1. For the subset of region 11-24 comprising residues that are more than 16 Å from residue 216 (Cβ to Cβ) and in contact with a helix residue (DSSP H, G or I) (Cβ under 6 Å, 6 or more places away or on another chain), which member is surrounded by the fewest Cβ atoms within 10 Å (Cβ to Cβ)?
2. Restricted to region 439-453, and to residues that are assigned to a loop (DSSP other than H, G, I, E, B) and surrounded by fewer than 16 Cβ atoms within 10 Å (Cβ to Cβ), which residue is modelled with the highest pLDDT?
3. Do you know which residues across region 304-321 are touching a strand residue (DSSP E or B) at 6+ places or on another chain (Cβ under 8 Å) and part of a helix (DSSP H, G or I)?
4. Only residues that are without any contact (Cβ under 8 Å) to a residue 24 or more places away in the chain and touching a strand residue (DSSP E or B) at 6+ places or on another chain (Cβ under 9 Å): list them for region 237-258, please.
5. Does residue 229 meet the test of being assigned to a helix (DSSP H, G or I), out of contact with any helix residue (DSSP H, G or I) (no Cβ under 6 Å at 6 or more places or on another chain) and either within 17 Å of residue 185 (Cα to Cα) or outside the structural domain of residue 74 (by TED's automatic domain parsing) (or both)?
6. Of all residues in region 75-116, which are under 15 Å from the mean Cα position of the chain (by Cα) and surrounded by fewer than 14 Cβ atoms within 10 Å (Cβ to Cβ)?
7. What is the number of the single condition among (1) closer than 15 Å to residue 337 by Cβ; (2) surrounded by fewer than 20 Cβ atoms within 10 Å (Cβ to Cβ) that residue 171 does not meet?
């Protein structure tokens, strides 16, 4: 008897990691720690312990409670933006890269998932990433999962995945335009989607998407720098004294996160929350923050305008009125952002006082699991088109020259383009490939290097210019075919001859 496929989704968040799988028509959360309930969040923290000279890895709540910061790594997702990041782990006796930490976390996650079904061939896993993740970051996450044995089949963006957690998609009677506002620990993703009902199915088209590298961790940092340091200068000076390893700061930031969650708990937040920490000298320090103070901090920052600009960019793609806004991610609980959405779209589109469900936290993983079933043809009531806002190209004279624009289908091949010989000679025939995001922040971001093409100079003798075509495949690998045009009197004599077929290794040389 054939074993049934298990469609699962993994949301590798900056602060928490969530996993879910589809069982029949029902999506179930996956318990990632033996000592916690399936519905509880799993902090995306890993601790490298040493027991009887053997290193033991743990993630989640158990790891988060450890105060041994030298052997603990938190918020590793944000480190993927730093190509040279490493941390020395004394219990390992070596330093680790971001990719190695992610691999170790995935190993712990996969260990729990295989308790449901040990046969990897039975799993169809969808991994999610922020809209503004570069191909290098995405590839790092993907490769780390594969190295841990996790059979990832596809990667989609977080806001697109979140929509599929909603069980009422098939109920749409008329065309609808909706907005996903997914605000997590390190990123804000916004996705504009059109629901088109047709007979017994609903087609979902992503019309536009954008992202900001801003999330709950940035708010924690602002509370640390602009609130606590100014409100309690003496306490903070004592706590941070001789903090060479950064352990005291890490503990303060962790307690800020707890206090912030208490202030904006959807089940009834407190007006004031305490941050109680004991310093190295044994002195106790009780500091407080209030809802009003945090709200004022946000009002004084530029984040409100940045979000409105991002909303304007995606709404430029709309050709009909917005029907609804759905929010996901813990940072979207904060009233300041909910009021912003209400002011932007109106009461009839977004009710800022609508009851908040804790399933918002796991919606991305749950939606990714359902999306896997849709791709495999086991979910027949919904079809989907995911679009990613980026362009692939080269830098010439310090300007980005796009070749493949946003939203092309895998397999798309460009027309003929050309490089001049002087350009190639300055690069020694090694051409770097870049990715540029077409997001709300594009004008403030430089193109991201993703890999290089290595041409064999000896194959182009006497050519004043070299023609090329670029193609992107289903794995988002970049392929380039080069050509030279033979000299001749007639058009027939000026044949275009293929020379090399090259691939840009994502994140490699």
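The values are calculated or read from the model by the stated rules, or taken from the named source; none is laboratory data. This structure is a prediction, so every number in the text was calculated from the model and none was measured. Positions of Cβ are generated from backbone atoms using ideal geometry, with glycine treated the same way; all protein chains shown enter the neighbour counts.
1. Among those residues, the one meeting the criterion is 22.
2. Step one: of region 439-453, the residues assigned to a loop (DSSP other than H, G, I, E, B) are 439-441, 445-447.
Right, trim to surrounded by fewer than 16 Cβ atoms within 10 Å (Cβ to Cβ) and you get 445-446.
Numbers: 445: 67, 446: 78.
Once the filter is applied, the top-ranked residue is 446.
3. Passing the criteria: 306, 307, 310, 311, 313, 314, 315.
4. Once the filter is applied, which keeps residues that are without any contact (Cβ under 8 Å) to a residue 24 or more places away in the chain and touching a strand residue (DSSP E or B) at 6+ places or on another chain (Cβ under 9 Å), region 237-258 yields 255, 258.
5. no
6. 82
7. Of the numbered conditions (1) closer than 15 Å to residue 337 by Cβ; (2) surrounded by fewer than 20 Cβ atoms within 10 Å (Cβ to Cβ), the odd one out for residue 171 is (1).
Here's the yes/no breakdown for (1) touching a helix residue (DSSP H, G or I) at 6+ places or on another chain (Cβ under 9 Å); (2) surrounded by 15 or more Cβ atoms within 10 Å (Cβ to Cβ); (3) on the phi < 0 side of the Ramachandran plot; (4) without any contact (Cβ under 8 Å) to a residue 40 or more places away in the chain:
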site	(1), (2), (3), (4)
260	yes, yes, yes, no
283	yes, no, yes, no
297	yes, yes, yes, no
322	yes, yes, yes, no
346	no, no, no, yes
350	yes, yes, yes, yes
361	yes, yes, yes, no
367	yes, yes, yes, no
